[in-house]
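Just so you know, all these numbers are worked out from the coordinates, no wet-lab data involved. The structure displayed is predicted, hence computed values, not measured ones. Virtual Cβ from ideal backbone geometry, glycine too; neighbours counted across all protein chains shown.
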Amino acid sequence: MKMFLVKNYEELSRKAAGILAAQVISKPNSILGLATGSTPLGTYANLVEWCKNGDVDFSNVTTFNLDEYAGLSEENDQSYRYFMNTNLFDQINIDKAKTHVPNGKAADLTAEGLQYDQMIREHGGIDIQLLGIGHSGHIGFNEPDDVFVGSTHPVTLVEQTIQANARFFGSIDKVPTMAITMGMTSIMQAKKVLLIANGQDKKEIVEKAFYGPITPKVPASILQLHPDCTVICSW
Ligand code: F6R
């Protein structure tokens with residue numbers, strides 16, 4: 001594992017974007033695993049700028065996002081599909097047909113998850129997976145549990161996550177309580193993993209995840225076993 005403590009959010013965003021851009025430049029048909037949330041916003045802003053300048057070409061890139069809220073359609077401005085379109089896909093030269101977000105409106109989220117994993121496998125797996133980390137230690141929406149769940153699957157969000165995400169919904173009652181998330185198999189099989197964490201409030205969970213015991217009670221701790229994991233933090 002490589003752990004970088006950088007001086008601020010701008011530096012974190014530039015460094016993370018640099019790693020993703022280098023991936024796309026060295027392999028133009030890369031399969032990127034992407035995340036939503038506040039942390040990657042600066043990373044995506046850099047990628048947009050570099051694409052507009054002609055420095056990075058996304059025309060052959062395929063993406064798979066980590067997760068989606070259950071029951072939200074892609075037109076809902078709180079859905080993760082909407083987030084990705086607005087903050088990245090609509091601003092770069094990617095073929096939208098090659099961008100994938102789990103379908104939170106699927107009638108059977110378990111079946112949707114298995115199909116999603118199948119699609120990732122058919123693409124040969126993920127080249128680099130971008131991750132944030134929740135206060136609960138979640139990656140994607142893999143919340144603390146008794147076991148690490150492998151497949152993409154439906155989850156019930158923990159109270160801490162619902163509270164953290166209430167800021168986007170205006171009120172806590174509007175936050176969906178269920179989601180669908182990529183599981184640990186696709187994440188751990190990604191050739192590279194890049195986790196970004198910003199803010200003093202993430203310090204404790206990052207230390208637990210990367211220097212504490214490997215346990216499904218701290219889902220991100222599984223990344224200690226990943227052969228090529230980079231962590232960039234700014235507090
Ligand atoms: C988002 C995701 C989540 C977030 C995490 C941190 O797709 O999978 O695991 O990365 O909740 O969110 P922020 O960046 O908002 O602190």
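Here the range 1-130 is assigned +1 on the Cβ of each Lys and Arg and -1 on the Cβ of each Asp and Glu. Its dipole about the Cα centre then comes out at about 440 debye. Which lysines have a Cα less than 26 Å from the Cα of LYS7, not counting those fewer than 8 places away in the same chain? Result set, ordered by chain and number: LYS15, LYS192, LYS202, LYS203, LYS208. What does a probe at ASP95 reach in the range 1-28, counting residues whose amide N is under 18 Å from the point 7 Å along Cα→Cβ? Those under the cut-off are 24-25, 27-28. When the chain is described by a simple charge dipole with +1 on each Lys and Arg Cβ and -1 on each Asp and Glu Cβ, the residue from MET84, VAL48, ALA16 located farthest towards its positive end is ALA16. About the centre of its Cα atoms, the chain shows a dipole size close to 600 debye [charges on the beta carbon of Lys, Arg (+1) and Asp, Glu (-1) only; nearest 20 debye].
How large is the direction-averaged shadow of the alpha-carbon convex hull of the chain, in nm²?
On the way: hull surface 46.2 nm².
Across all orientations, the chain yields a mean hull projection of 11.5 nm².
Taking other residues whose beta carbon is less than 14 angstrom from the beta carbon of ASN46, and scoring Lys, Arg as +1 and Asp, Glu as -1, yields -1.
Using θ = phi - 60° in the Karplus curve 6.51 cos²θ - 1.76 cosθ + 1.60, the 3J(HN,Hα) couplings for the range 62-68 round to 10, 10, 10, 7, 6, 7, 7 Hz; x is entered for Gly and Pro.
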